[in-house]
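Peer 1: After the structure tokens below, expect a handful of questions from me.
The values are calculated or read from the model by the stated rules, or taken from the named source; none is laboratory data. What you are looking at is a predicted structure, and each value in this text was computed from that prediction instead of being measured. Every residue, glycine as well, gets a Cβ built from its backbone with ideal geometry; the counts of neighbours run over all protein chains shown.
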Amino acid sequence: MTPVNKENTPTVASLPFRLGVQSVLKTAALTYSEAIRNEPGLLAYWRVEETQDADAGRENSYAALGVVPHLDENPGGDASVEFFFQVISDEQLDYEPCLISHQLSHGEQTRFAFHVTRDLNALRFLNGTTNTLIFPPDGSIKVGHWYHFLATSKPRQEFRAYIDGVECFLDMGSLAFGVLRQAGPIQIGASSASGEDRAVNCAIDEVAIYNVALTPLDIAQHVDAAGRESLRKRVVHDREQREDEENEVAADALRARLNDSALFDPGERKVYEGQYLDAISLPVGGIGAGLIQVNGKAERSVWQIFNNFEHIEVPNSFFAVWARPRGKEPVVRALQTSGVGVFPAMDRLRFRGEYPFGWFEFADADFPLRVEMEVFNPLIPLDVKCSSIPCGIFNLTASNEGDSPVEVSFLATQQNAIGIAGDSPNGGYGGNVNRVIREDDATSIHMTHLSASDEDMVLSAQVENASATASWNGLRDLHEAFSRDGDLEYVESAGPSATSGTVDCALATPFVLRPGEKRTITFVLTWYFPNTNHGARIWIKHGNMYANWWTDALDVYAYLKANLDDLTQQTRRFHDTLYASNLPHWLLDRISSQVAVLRSKTCFWAKDGYFGANEGCAPTSGCCLGNCSHVWHYAQAHARLFPDIARRMREQTFALQGEDGGLPFRHSERHFEIQGPAIDGMLGDILSTYREYLCSPDQQWLHAHWPSAQKAMNFVIARWDSDEDGLLSGSQHNTLDGELSGATSWMGTLYLSALAACEKMAVLEDDAQSADRYRKLREKGTENQNQTLWNGEYYVQSPDEDAHEDYGDGCHIDQVLGEWWAPQVNLPGHYPEENVRSALRSLLQYNFKHHFRTTTQRPRKFVDNDDAAMKMISWPKGPQPFRSMKYGDEAMTGFEYGAAAAMVQFGMLKEGLMVARAVYDRYDGRLRDQLTEMNTASWGYSGNPFGDDECGKFYARAMSVWSLLLACQGFVYEGPKARIGFAPVWKPDDHVSFFAAAEGWGLFKQRRDVEMQVMELSVEWGRLPIRIFEFEVPEGRHVQSVVASIGGEVVSTTASFSDDRVSLTLKEEVVLTAGDKMAIEVSVNR
């Protein structure tokens, strides 16, 4: 073996291989060798000489080489690895033979390692963090066949692999080479210097390593130089044929999806059972108050009430039920499908989840009653305090469907968990104290800790005469006591516990059910852990907001108890009003489910009022800190349901504004030094400012913050459109964590919508000069962007000469992002509607995949191979740019919801629902566990309906799904002007949908027939001032008369018309309150 390096020659430890490829390369050997040697980025090159001993034994079947000079100087930089390999025999090994590796020790500190899978279906790439399967383009690896292999790695997590010059399909994501803390050796034919995973059934030759990422053209030239051009072209031809066949199948699959009746059918309430329970994890907790996640077994499996991100399990904390039919032995079951010590499990359960509620229906052939459990935390739109209570509510119901009385008792047992979140699992235990508190209509147990006087918990049964024990010793003793008669031995107080120990308490609620009766017992758990540091490093906030409202868990409990009926009723009213919408049930599930993100650990609420927002959740921390604007501007649910929080988030960002008007896209103490502006984040902040005005009761908030929004707009113009031609240029940091260049419709439409919003805000603030400037710039940009970026089918990029992370003529999922934003905030569109529809149809044709079995997801894999999704970017008109968008080959739900809603906005209802339905199907409760195992991905698994994955769990961008509701109902709203309106796209002849305004929420209904259009606006909560009501009539119809009434009394109005749109102005503003309805009857003719 001859090492070659232009500057340094590494030491070769041994002659490693039984067989070289000289006989394969033949006369091409010199040509190939010259091609390798002439690469400017070559660091090392090893060749097997013709004199190699073909009969060498296994002990010489690998080479442990030294450190390659310069290879690890830039460990996160570009690199390529190239070699030929052959599987000599189909000998079955009990490991995966390694072809080449670069790591400090076996399985640890790995930069790269390439193995052959045991079934010969693929190669496996390891980088110390994840592993990726590399599938040959022409099928499985054939014994006795030589393959040319080349892998490239570029910064920002991009990895590609080629066999015989043709790019391979990669499964499990494709992250870049790993990073070593120090320079490491190269092993050829093994994964370590001592010979682990030795490639005894393989041959390797012509190994080359580079400090550049070779281009596809470079790679093809190398293969051709090796005399394998015809082979490469045949593989390419065969692949193209397969792709043509697959495209025909995909087109048929797309048509089938678009014609699926499930898109429009109301459907029934989703019931999860069997394998559809495996991924369930329902968050129960308030906004910024911590949460308990309840899984598909009905276990309270994850406790995050201690200001922790880690998934902590609190032992001895479960529900159980006891039943004794007349004349029979009692039966005890844990209310979950996993046993707890001697407490047997229920046989099975069915689950329904419509956030914030979860309902468990248990079944067991040997249990004489029907038992159900309802779990939730109060969630009342517009009421932030009552939606932020640190508590969980558990309603346990038993029904006697037999013909004789049954004695019943529910058991709630709880470990005093104060201290569990210490350095070790029980590191903070010791000094835990429990005390029973009796009231006339409730029994509670107060849990405290001697060393944490400001932390406590309360477990309570909302029923008189419950039995209680402040302490029980062992599950067997507890089971024995409870099994006798469904009661407990009374212990009034317990503790303090010994060092490293705690105390477990329990409540039991005996009662009798006569035939046909059912009874519900309510248990509540409150908690109080007020002192913590949120965030990390340069973004630290202190304490919890709930400490401003309550003094301890007893105070929380007292508030909850005093208001429990009202809180429950109002939460049910929100749920019932939302689900009274006649949108498909599956879509309502999607819309409601992502509100859970707001009450996950993605968000915190500090004691000083600062509302903190990560992008998502990593296992031990927030994932991507700092109220990231280029992510959160996609989110809509929080701003519509809790506009106070959205306004607070705007204020916090404006407080960090630079003198030049720039806004950081992440909050931190050194925000401009560490994080400068991101163009989409700033434009999103501007649009969000206008949204927050629209969702305010008056103009005072806008008056206070318009100067900041205007400074931000002027900064954007000066930085990225200095010649004011409406075409952006320069380096543009963005949500795909890269630097975009030049003009794109992606940022361009966002820019035009921000200009339109500023034009509106300037008019409101009596700044006619600025309004005129923004209007002219918007009009010029509209014209120039359409001329420059429209390719006749979809919108593309016109990059700057200086290459950045661009996408060129790619078809981008966000290519009309600003057109999606505009209707949500009552703004006009900018591009020709037919062009927008064509662009959206292109997404369906090129980006939507009905499976990912042959489509590489790079760098992260979020979608199971058998699921459908819309890919971020496709390149149907040419090759993908060598340096392209970091996440262009991924599929992420927050973007998909936006594209789906844009389709609905532009009259493509069926198409938009189809895209959204594909997401719904991916999060159907089944566990997908073959995904990228990274903290900044889905942690390796997905499928939970309550909180989508992206950069971590419970990802904020997924709250963009709320835009689908706004699009379906054609919602128009401007709170300060008491203006509200609807132009339904979903079933305009028979439409029902939930709406939320600045001070109230309710239900809108619209019915049409040939001669009449009747609309009804009912307020279910709060108040709704109305001065202007807007609506549409069917195209070609003429309005004959309009009558508005409230409670049967006619209201005086005047109407104005613009095409099919009608604006109805009330003579005097009216205020509807809960229970009020306004009806509008419109007589029309042709």
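Peer 1: If we keep just the residues of region 547-581 that are polar (S, T, N, Q) and within 26 Å of the chain's Cα centre (by Cα), which is farthest from Glu374 (Cα to Cα)?
Peer 2: So, considering only residues that are polar (S, T, N, Q) and within 26 Å of the chain's Cα centre (by Cα), the one farthest from Glu374 (Cα to Cα) is Ser581.
Peer 1: May I pose another question? Within region 628-697, which helices (runs of 4 or more DSSP H) (wholly inside it) include 3 or more residues that are assigned by TED's automatic domain parsing to the domain that holds Trp962, under 25 Å from Phe946 (Cα atoms) and touching a residue at least 60 places away in the same chain (Cβ under 8 Å)?
Peer 2: Fully inside region 628-697 and qualifying: 629-632, 637-641, 643-654.
The rows are residues; the columns are (1) hydrophobic (A, V, I, L, M, F, W, C); (2) assigned by TED's automatic domain parsing to the domain that holds Val340; (3) more than 18 Å from Asp552 (Cβ to Cβ); (4) at pLDDT 95 or above.
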| site | (1), (2), (3), (4) |
| --- | --- |
| Arg435 | no, yes, no, yes |
| Glu439 | no, yes, no, yes |
| Ser453 | no, yes, no, no |
| Asn473 | no, yes, yes, no |
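Peer 1: Can you pull out the residues in region 166-190 that are more than 36 Å from the chain's Cα centre (by Cα) and in a loop (DSSP other than H, G, I, E, B)?
Peer 2: Ala183, Gly184, Gly189, Ala190
Peer 1: Take region 734-762 and flag every residue that is over 21 Å from Pro664 (Cα atoms) and of a type in the set (D, E, K, R).
Peer 2: Result: Glu759, Lys760.
Peer 1: Does Trp539 satisfy the criteria of being at pLDDT below 95, surrounded by 18 or more Cβ atoms within 10 Å (Cβ to Cβ) and more than 23 Å from Val294 (Cα to Cα)?
Peer 2: yes
Peer 1: So Asn473 passes all but one of these: (1) in contact with a Gly (Cβ under 6 Å, 6 or more places away or on another chain); (2) farther than 30 Å from Ala562 by Cβ. Which condition number does it fail?
Peer 2: All conditions are met except number (1).
Peer 1: Also, quick follow-up: Restricting the first residue to region 530-557 and requiring it to be assigned by TED's automatic domain parsing to the domain that holds Glu455, which pairs with a second residue that is exposed (fewer than 15 other Cβ atoms within 10 Å of the Cβ) and basic (Lys, Arg) meet a Cβ separation below 8 Å and a spacing of at least six or different chains?
Peer 2: Ile538/Arg670
Peer 1: Related question: Can you find, within region 654-698, the residue that is nearest to Gly626 (Cα to Cα) among those that are polar (S, T, N, Q) and touching a Gly at 6+ places or on another chain (Cβ under 9 Å)?
Peer 2: Ser668
Peer 1: Please specify each residue of region 319-336 satisfying the condition of being touching a strand residue (DSSP E or B) at 6+ places or on another chain (Cβ under 8 Å) and surrounded by fewer than 21 Cβ atoms within 10 Å (Cβ to Cβ).
Peer 2: Pro325, Arg326, Pro330, Val331, Val332
Okay, residues lined up against (1) more than 19 Å from the chain's Cα centre (by Cα); (2) touching a residue at least 12 places away in the same chain (Cβ under 8 Å):
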position	(1), (2)
Asp814	no, yes
Leu817	no, yes
Pro823	yes, yes
Gly829	yes, no
Pro832	yes, yes
Asn835	yes, yes
Tyr846	yes, yes
Arg858	no, yes
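Peer 1: Ok, one more. Among (1) closer than 25 Å to Asn211 by Cβ; (2) at pLDDT below 95, where does Arg124 come up short?
Peer 2: (2)
Peer 1: Still on this structure: Please give the number of the condition Gly1047 fails out of (1) under 18 Å from Phe995 (Cβ atoms); (2) modelled with pLDDT under 95.
Peer 2: (1)
Peer 1: Just checking, how many residues over region 937-971 are in contact with a helix residue (DSSP H, G or I) (Cβ under 6 Å, 6 or more places away or on another chain) and among the polar types (S, T, N, Q)?
Peer 2: Qualifying residue count for the region: 2.
This table checks each residue for (1) in a strand (DSSP E or B); (2) without any contact (Cβ under 8 Å) to a residue 12 or more places away in the chain; (3) over 19 Å from Ala208 (Cα atoms); (4) of a type in the set (Asp, Glu).
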{"residue": "Glu82", "(1), (2), (3), (4)": "yes, no, no, yes"}
{"residue": "Phe85", "(1), (2), (3), (4)": "yes, no, no, no"}
{"residue": "Gln92", "(1), (2), (3), (4)": "no, no, yes, no"}
{"residue": "Ile100", "(1), (2), (3), (4)": "yes, no, no, no"}
{"residue": "Gln103", "(1), (2), (3), (4)": "yes, no, no, no"}
{"residue": "Thr110", "(1), (2), (3), (4)": "yes, no, no, no"}
{"residue": "Phe114", "(1), (2), (3), (4)": "yes, no, no, no"}
{"residue": "Leu120", "(1), (2), (3), (4)": "no, no, yes, no"}
{"residue": "Pro137", "(1), (2), (3), (4)": "no, no, yes, no"}
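Peer 1: Specify which of the listed residues (Trp962, Trp986) is out of contact with any Asp or Glu (no Cβ under 8 Å at 6 or more places or on another chain), in contact (Cβ under 8 Å) with a residue 24 or more places away in the chain and assigned to a loop (DSSP other than H, G, I, E, B).
Peer 2: Answer to the check: Trp986.
Peer 1: For the subset of region 727-783 comprising residues that are surrounded by fewer than 22 Cβ atoms within 10 Å (Cβ to Cβ) and of a type in the set (Gly, Ala, Ser), which member is nearest to the chain's Cα centre (by Cα)?
Peer 2: Gly738
Peer 1: Within region 308-422, considering only strands (runs of 3 or more DSSP E) that don't extend past its boundaries, which have at least 1 residues that are more than 32 Å from the chain's Cα centre (by Cα)?
Peer 2: Hits in region 308-422: 318-325, 331-334, 357-363, 370-376, 391-399, 406-415.
Peer 1: So is Ala256 in a helix (DSSP H, G or I), free of Cβ contacts under 8 Å to residues at least 40 places away in the same chain and of a type in the set (A, V, I, L, M) or not?
Peer 2: Considered against the rule, which asks whether it is in a helix (DSSP H, G or I), free of Cβ contacts under 8 Å to residues at least 40 places away in the same chain and of a type in the set (A, V, I, L, M), Ala256 comes out as yes.
Peer 1: Show the residue pairs meeting these rules: Cβ distance below 9 Å; 6+ apart or different chains; first residue within region 705-719 and more than 16 Å from Arg650 (Cβ to Cβ); second residue in a helix (DSSP H, G or I) and among the polar types (S, T, N, Q).
Peer 2: Pairs that qualify, where the first residue is more than 16 Å from Arg650 (Cβ to Cβ) and the partner is in a helix (DSSP H, G or I) and among the polar types (S, T, N, Q), are Asn714/Ser770.
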